[in-house]
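Some notes on the structure that comes next.
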Amino acid sequence: MKNEGTIFGSILNDMSDGLLVIGFDGSIRLHNPAAAAILGLPENALDMSIADLVQQAGENDALFADLQKAVEQKKKTVKTVPYFRDDDMYYLRITADILCSEGEQIGIVAQITDITEATMLFIANKRLANQVTNLMNSFVEVMVTAIEEKSSYNANHTKSMVRYAKRYLAWLEQKGTLSQFTSENTAPLLMSIWLHDIGKLLVPPEVMDKPTRLGSAEKDIRHRIETARLMLQIKALKYPESSAEFQLQSERLEKAEALIFTANTAGFLEDDVREQLREAAKIQCFAADGSTVSLLDENELEAITVQRGTLTADERKIIEAHVSWTGTLLSKVEFRGDYKPVPKWAVGHHELLDGSGYPDHLTEGSIPWETRLLTIIDVYDALTAEDRPYKPPLPPEKAFAILTDMAEHGKIDKQILESFLVSEAWKRETTNN
């Protein structure tokens, strides 16, 4: 190498990075000792062309081919490439740029930096990050499995939501619009869906899966009625002169029983039926000890007169508390990077744009796109689910009619709803027999 006695030559000799100058004719014009050491250049490299090095490079031909391409295209190139030497693999960063002399482009100058240590550290960190992500996914699987064991319909609900979301996000990506709404890394959003109902682990099963208005109280009421019926029969035998009166009481009790247990499983109760139930609750029943009690106590009356669904006001508050419990549970986990908003997205799935949702009564400006999507999918599956113990499923057209009405009243995002409908991501999988 020339100019070894000059300051320039000293700098080149002492550089830890390799330096390689290639003329536009492909000839090797200059290289420093670091370049020779890193690339394993032959002693006669200055008598060779870059094409010669490509032919002699063997498994490293890609590196020299990239340099040759930079020469041919006369353009800047920055690449990280693997480099094999003595049965070991290294990582080199090649930065090739145009070399000028007195305003004229004369060739390519390439800086070669050994970044093996930094690259291996990056790979190790990436591997560790993947392990942490896999650990988080395993944690989620454990939690969902726990919910499934406690409430099978709720686990199906979560799995269905994830399936709808995957299809919808894939549809947006296919249209090229995904990045307009959310990150191209959709794993955190899917994670928030998996976790959105984790708070239901703390909901008592008798509330979570309550299939009827009376729930566990049904057994007590049936026993009370049966006891009262037997006591009336005994009294009719003991006091034959009053048997007609006891018979009327028995018939009234029978009608009340039919009314109560029909209402127990009805989807909706009209006001006149609820009033009849209140009157029936006042019927006095003989207990085994001869005392009398009302057919229904206050708690049973409240339960049987629920107009829609199966939950009383207090039970509904317990169910609604699951979102706060979700927040509490997820606060124990440190979500970082792309996963940082997962708790916020998950906890907000019952918030509505007009502020009428819960738990924080957020309004439109505080509800991100991801949560709005989660809310729509959550409501859709709740309406169409086939395994809810307390109601029959709605067909998709009726479910979307309800969702559209919610959107018209400013409760959910109309644009997302319309897009979700068009995507057909909501269609259930069918199997061919």
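The values are calculated or read from the model by the stated rules, or taken from the named source; none is laboratory data. From a predicted model like this one, the values you see are computed outputs, not experimental measurements. A quick note on method: Cβ atoms are made from the backbone with ideal geometry, for glycine too, and the neighbour counts reach across all protein chains shown.
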- Message: For a quick check of your reading of the model, give me the residue pairs whose first member lies in region 65-82 and is over 11 Å from I50 (Cα atoms) and basic (K, R), whose second is assigned to a helix (DSSP H, G or I) and at pLDDT 85 or above, with beta-carbon atoms closer than 8 Å and at least 6 apart or on different chains.
- Response: K76/A70
- Message: Go through (1) in contact (Cβ under 8 Å) with a residue 24 or more places away in the chain; (2) surrounded by 13 or more Cβ atoms within 10 Å (Cβ to Cβ) for A281 and report which single condition fails.
- Response: (1)
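Rundown of residues vs (1) within 30 Å of W369 (Cα to Cα); (2) in the same structural domain as L195 (by TED's automatic domain parsing), yes/no style:
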{"residue": "D88", "(1), (2)": "no, no"}
{"residue": "E104", "(1), (2)": "no, no"}
{"residue": "I123", "(1), (2)": "no, no"}
{"residue": "E141", "(1), (2)": "yes, no"}
{"residue": "T145", "(1), (2)": "yes, no"}
{"residue": "R167", "(1), (2)": "yes, yes"}
{"residue": "T182", "(1), (2)": "yes, yes"}
- Task: Can you confirm whether region 400-409 contains a residue that is without any contact (Cβ under 8 Å) to a residue 40 or more places away in the chain, closer than 24 Å to W171 by Cβ and either of a type in the set (K, R) or in the same structural domain as E298 (by TED's automatic domain parsing) (or both)?
- Result: no
- Matching residues, region 344-370, being closer than 15 Å to T186 by Cα, of a type outside the set (A, V, I, L, M) and either over 19 Å from the mean Cα position of the chain (by Cα) or not in a loop (DSSP other than H, G, I, E, B) (or both): W345, W369, E370
- Message: Being out of contact with any helix residue (DSSP H, G or I) (no Cβ under 8 Å at 6 or more places or on another chain), in the same structural domain as Y164 (by TED's automatic domain parsing) and either under 21 Å from T177 (Cβ atoms) or surrounded by fewer than 18 Cβ atoms within 10 Å (Cβ to Cβ) (or both): is that true of K332 here?
- Response: yes
- Just to be sure, is R167 under 25 Å from Q307 (Cβ atoms) and either crowded, with 16+ Cβ neighbours inside 10 Å or in contact with a helix residue (DSSP H, G or I) (Cβ under 8 Å, 6 or more places away or on another chain) (or both)? no
- Item | Contacts under 8 angstrom Cβ, first residue in region 353-374 being at negative phi and in the same structural domain as L417 (by TED's automatic domain parsing), partner modelled with pLDDT of 95 or more and basic (K, R), 6 or more apart | L353/R372; L353/K411; D354/K411; S356/K411; G357/K411; P368/K344; T371/K344
- Mind checking which residues of region 22-64 are buried (at least 17 other Cβ atoms within 10 Å of the Cβ), part of a loop (DSSP other than H, G, I, E, B) and without any contact (Cβ under 8 Å) to a residue 40 or more places away in the chain? N32, L41, A57
- Task: Would you check if F268 is under 40 Å from the mean Cα position of the chain (by Cα) and modelled with pLDDT under 95?
- Result: yes
- A187 fails exactly one of (1) farther than 29 Å from K79 by Cβ; (2) in the same structural domain as I376 (by TED's automatic domain parsing), namely (1)
- Query: (1) over 30 Å from A129 (Cα atoms); (2) touching a Lys or Arg at 6+ places or on another chain (Cβ under 9 Å); (3) touching a residue at least 24 places away in the same chain (Cβ under 8 Å); (4) in a helix (DSSP H, G or I): which one isn't true of V379, the others all being true?
  - Reply: (2)
- Hey, which of the helices (runs of 4 or more DSSP H) in region 249-342, taking only ones fully inside, have at least 2 residues that are more than 28 Å from E226 (Cα to Cα)? 313-320, 322-330
- Query: Which of (1) over 23 Å from D387 (Cβ atoms); (2) within 41 Å of the chain's Cα centre (by Cα) does T212 not meet, given it meets every other one?
  - Reply: (1)
- Message: If I filter region 116-131 for residues that are at pLDDT below 85, in a helix (DSSP H, G or I) and in contact with a Leu (Cβ under 7 Å, 6 or more places away or on another chain), do I get at least one hit?
- Response: no
- Task: Considering every residue within region 65-88, establish whether at least one is aromatic (F, W, Y) and either modelled with pLDDT under 85 or surrounded by fewer than 17 Cβ atoms within 10 Å (Cβ to Cβ) (or both).
- Result: yes
- Looking only at region 23-51, count how many residues are among the charged types (D, E, K, R), at pLDDT below 85 and over 22 Å from D114 (Cβ atoms). 1
